[in-house]
Amino acid sequence: MTAATAGPVAEATASQIESATRKRYWHMPIAPIRIIAPVVVFVMVIALWSIASHFLLAEESRFLLPAPEAVVSHGLLDSVARTEILTALWSTVQVALVGLGIAIVLGVGFAVLMSQARWAEYSLYPYAVILQTIPILAVVPLFGFWFGYEFGSRVIVCVMVALFPIITNTLFGLKSVAVAEHDLFTLHGANRWQRLLKLQLPAALPAMISGFKISGGMAVIGSIVADFFFRQGQPGIGRMIDVYRQRLATEELLTALLLSSLVGLILFWCFDFLAGRVDRAHGVRRGR
């Protein structure tokens, strides 16, 4: 093989390898164990729950832990209760999604700023830590006094709860780029903006999404906590949980709790799916 033909052949071979790797990652089937294992655990939890309700509790105390079929019957199959719970849940989801979106923008922005200037990191990061350590239940009433008890105050609570994991994970990802890769960009005369967009942010994506996964569930929790205190405007699931507690309506209360958990789980799954795509894209680009 001559030197003139070696280049095109090598280029074609590399292209074929990259194409095959991409197909292998994007069409990799989901392992059955990933579906079977959680289903088995779910069935076991439902069975233990049913046994505890039917056999371990006296009939007059069964309202403390109603059986799974009672929860489904009163909380999901009853049209009045279902509409009430889903309407409140939608209000909570709206607050959580808006708060999470704002937290992502602010968290990534602050992390990028801190990664570009040491003075910014030294100035801002301690306050991010303080923000994480403030007891949320203590400051929620203050937000009501300052900003009212409507949608905006609930969003502020969600942002406060969800911000720190995004900042820390994004900053970690931005600062974890290998020195050799920075040296390569320096060798090619890349400026700070090019280095950030083409090197640091792509390398930080897996860590960023890990922060999003954590903050997604925390935003839902923040929205529910805000609902407990802010009792004006459209009721959220937190307020309905408190109402069901006062009524001793355990079936509806458990339904509200389970559906709230499902929302956080769905957010986690969405970011986990995105993380898998990012990891596979990185694997294809690096030839793994």
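Here are a few things to note about the model shown:
- Given (1) buried (at least 17 other Cβ atoms within 10 Å of the Cβ); (2) modelled with pLDDT under 90, number of the condition Leu171 does not satisfy: (2)
- For segment 230-257, taking the residues that are surrounded by fewer than 18 Cβ atoms within 10 Å (Cβ to Cβ) and touching a residue at least 24 places away in the same chain (Cβ under 8 Å), the one that is farthest from Ala103 (Cα to Cα) is identified as Leu248.
- Only one entry in Phe273, Phe212 is among the aromatic types (Phe, Trp, Tyr) and surrounded by 14 or more Cβ atoms within 10 Å (Cβ to Cβ), namely Phe212.
- Single match in Leu113, Leu131 (criterion: open to solvent by 60 Å² or more (accessible area, probe 1.4 Å), free of Cβ contacts under 8 Å to residues at least 60 places away in the same chain and over 25 Å from Leu258 (Cβ atoms)): Leu113
- Residues in segment 174-194 that are free of Cβ contacts under 8 Å to residues at least 24 places away in the same chain, part of a helix (DSSP H, G or I) and open to solvent by less than 40 Å² (accessible area, probe 1.4 Å): none.
- Annotation note: Cβ proximity below 7 Å between a residue of segment 49-65 that is touching a residue at least 40 places away in the same chain (Cβ under 8 Å) and a residue that is open to solvent by 90 Å² or more (accessible area, probe 1.4 Å) (sequence gap 6+ or interchain) occurs for Phe63/Leu248.
- Condition check for Ser261: in a helix (DSSP H, G or I), among the polar types (S, T, N, Q), within 26 Å of Ser153 (Cβ to Cβ) and free of Cβ contacts under 8 Å to residues at least 24 places away in the same chain: yes
- Matching residues, segment 135-155, being without any contact (Cβ under 8 Å) to a residue 60 or more places away in the chain, open to solvent by less than 60 Å² (accessible area, probe 1.4 Å) and either touching a strand residue (DSSP E or B) at 6+ places or on another chain (Cβ under 9 Å) or more than 16 Å from Arg231 (Cβ to Cβ) (or both): Val139
- Some residue of segment 199-209 being under 30 Å from Leu89 (Cβ atoms), modelled with pLDDT of 90 or more and not charged (D, E, K, R): yes
- Screening Leu205 with (1) assigned to a helix (DSSP H, G or I); (2) open to solvent by less than 30 Å² (accessible area, probe 1.4 Å); (3) not β-branched (Val, Ile, Thr) gives one miss only, at (2).
- The numbered conditions (1) touching a residue at least 60 places away in the same chain (Cβ under 8 Å); (2) assigned to a helix (DSSP H, G or I) are all true for Val80 except (1).
The values are calculated or read from the model by the stated rules, or taken from the named source; none is laboratory data. Please read all numbers here as calculations on a predicted model, not as lab measurements. Note that each Cβ is placed from the backbone with ideal geometry, even for glycine, and that neighbours are counted across all protein chains shown. Remember, those area values only see protein heavy atoms, side chains included, never the ligands or the DNA or RNA. Shrake-Rupley method; radii C 1.70, N 1.55, O 1.52, S 1.80 Å.
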